[in-house]
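Engineer: Structure provided below as structure tokens; questions to follow.
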Amino acid sequence: MKNIAIFASGNGTNAENIIQFFNDGSHGAKVNLVICNREGAGVIERAARLGVDCIVLSKAQINDPNIILPLLDKYNADLIVLAGFLLLVPGFLVDRYENRIVNIHPALLPNYGGKGMYGHHVHEAVVAAREKETGITIHYVNGQYDSGDTIFQAKVALTPDDTVEDVEAKIHVLEQAHFPQVIFDTFFKD
Ligand code: GAR
């Protein structure tokens with residue numbers, strides 16, 4: 001059985017979906033650790049309810065190899081999943097987990113990515129540009145925001161009267177439908 005560590009900053013709907021998908025034990029991997037960088041984030045309560053250890057670390061602690069690497073070793077992390085994680089992953093972690101860090105972004109990269117482009121900021125920009133479609137991108141993580149190789153994209157059509165909340169809801173449906181399955185297919189199928 002392989003181990004997945006989830007890094008998250010927010011509400012945690014993706015983290016919960018991934019935990020529920022994997023932690024019945026039938027997919028060859030389990031989420032045994034959630035790392036959160038924000039006190040009071042919804043993901044903390046979700047992890048507790050699902051019986052997964054959740055550790056809150058500051059940005060400085062996450063950027064400290066003497067703290068984060070021993071913690072990941074203690075939990076035997078094979079894969080790191082960013083699920084609404086808003087900090088840049090430090091270079092030493094990218095090197096240590098080469099091709100074993102995956103992120104989900106709520107737009108069709110390379111559009112609407114980069115520093116500051118997260119969550120509702122992305123959806124606001126998509127609505128302001130009157131895009132006819134948007135989607136999700138699941139990609140490997142390198143040392144820059146939203147620029148690692150793409151693993152998977154899914155699209156959804158937009159109508160001219162879609163609000164930011166409508167776009168967010170459409171993205172949520174795509175994320176719930178695809179993220180755990182893509183993680184499984186990419187990293188644990190064989
Ligand atoms: C998700 O929509 C995810 O794609 C996005 O944050 C949301 C987190 O929701 N991530 C980014 O914008 C990363 N740049 P959640 O906390 O409910 O999973």
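Engineer: Restricting to segment 43-72, name every residue that is within 16 Å of the ligand (Cβ to nearest atom), in contact with a helix residue (DSSP H, G or I) (Cβ under 8 Å, 6 or more places away or on another chain) and not in a loop (DSSP other than H, G, I, E, B).
Structural biologist: If the condition is that a residue be within 16 Å of the ligand (Cβ to nearest atom), in contact with a helix residue (DSSP H, G or I) (Cβ under 8 Å, 6 or more places away or on another chain) and not in a loop (DSSP other than H, G, I, E, B), then VAL43, ARG46, ALA47, LEU50, CYS54, VAL56, ILE62 are the ones that fit.
Engineer: Follow-up question, since we're still on this one. Looking at (1) within 16 Å of the chain's Cα centre (by Cα); (2) part of a loop (DSSP other than H, G, I, E, B), which is the one condition that is false for VAL122?
Structural biologist: Here VAL122 meets the rest and fails (2).
Engineer: Taking the options LEU108, LEU158, name whichever one is farther than 18 Å from THR13 by Cα, surrounded by fewer than 20 Cβ atoms within 10 Å (Cβ to Cβ) and touching a Lys or Arg at 6+ places or on another chain (Cβ under 7 Å).
Structural biologist: LEU158
Engineer: On to the next question. Give the residue, chosen from VAL94, VAL81, VAL102, VAL89, that is part of a loop (DSSP other than H, G, I, E, B) and under 25 Å from HIS178 (Cβ atoms).
Structural biologist: Step by step, each of VAL94, VAL81, VAL102, VAL89 is checked, and only VAL89 is part of a loop (DSSP other than H, G, I, E, B) and under 25 Å from HIS178 (Cβ atoms).
Engineer: Is there any pair with a first residue in segment 140-159 that is on the phi > 0 side of the Ramachandran plot and a second that is crowded, with 16+ Cβ neighbours inside 10 Å whose Cβ atoms are under 8 Å apart and which are 6 or more apart or on different chains, and what are they?
Structural biologist: Note: pairs meeting the criteria are ASP146/ASN103; ASP146/HIS105; ASP146/LEU109; ASP146/GLY113; ASP146/MET117; ASP146/THR137; ASP146/HIS139.
Engineer: Here's a follow-up. Output the residues belonging to segment 61-104 that are over 20 Å from ILE19 (Cβ atoms) and in contact with a Gly (Cβ under 7 Å, 6 or more places away or on another chain).
Structural biologist: Answer for segment 61-104, where residues must be over 20 Å from ILE19 (Cβ atoms) and in contact with a Gly (Cβ under 7 Å, 6 or more places away or on another chain): GLY91, VAL94.
Engineer: Out of all the residues in segment 32-39, is one or more polar (S, T, N, Q), away from the ligand (no atom under 16 Å from the Cβ) and out of contact with any Ser or Thr (no Cβ under 9 Å at 6 or more places or on another chain)?
Structural biologist: Yes, the conditions are met somewhere in segment 32-39.
Engineer: Separate question: Based on this model, can you work out whether VAL89 counts as of a type in the set (Val, Ile, Thr) and touching a strand residue (DSSP E or B) at 6+ places or on another chain (Cβ under 7 Å)?
Structural biologist: So VAL89 fits the description; yes.
Engineer: To continue, here is another question. Among the residues of segment 16-40, what is the count of those that are aliphatic (A, V, I, L, M), farther than 17 Å from TYR97 by Cα and in contact with a Phe, Trp or Tyr (Cβ under 9 Å, 6 or more places away or on another chain)?
Structural biologist: Number of matching residues: 1.
Engineer: Would it be correct to say that ARG38 is in a loop (DSSP other than H, G, I, E, B), under 17 Å from the mean Cα position of the chain (by Cα) and surrounded by 16 or more Cβ atoms within 10 Å (Cβ to Cβ)?
Structural biologist: Spelling it out, ARG38 is indeed in a loop (DSSP other than H, G, I, E, B), under 17 Å from the mean Cα position of the chain (by Cα) and surrounded by 16 or more Cβ atoms within 10 Å (Cβ to Cβ).
Engineer: Which residues, taken from segment 125-157, are over 18 Å from VAL173 (Cβ atoms), more than 16 Å from the chain's Cα centre (by Cα) and either within 12 Å of the ligand (Cβ to nearest atom) or assigned to a loop (DSSP other than H, G, I, E, B) (or both)?
Structural biologist: Result: ALA125, ALA129, ARG130.
A short reminder: the numbers here are calculations on the coordinates, not readings from a lab. Keep in mind that this is a model prediction, so the values were computed, not measured. Virtual Cβ from ideal backbone geometry, glycine too; neighbours counted across all protein chains shown.
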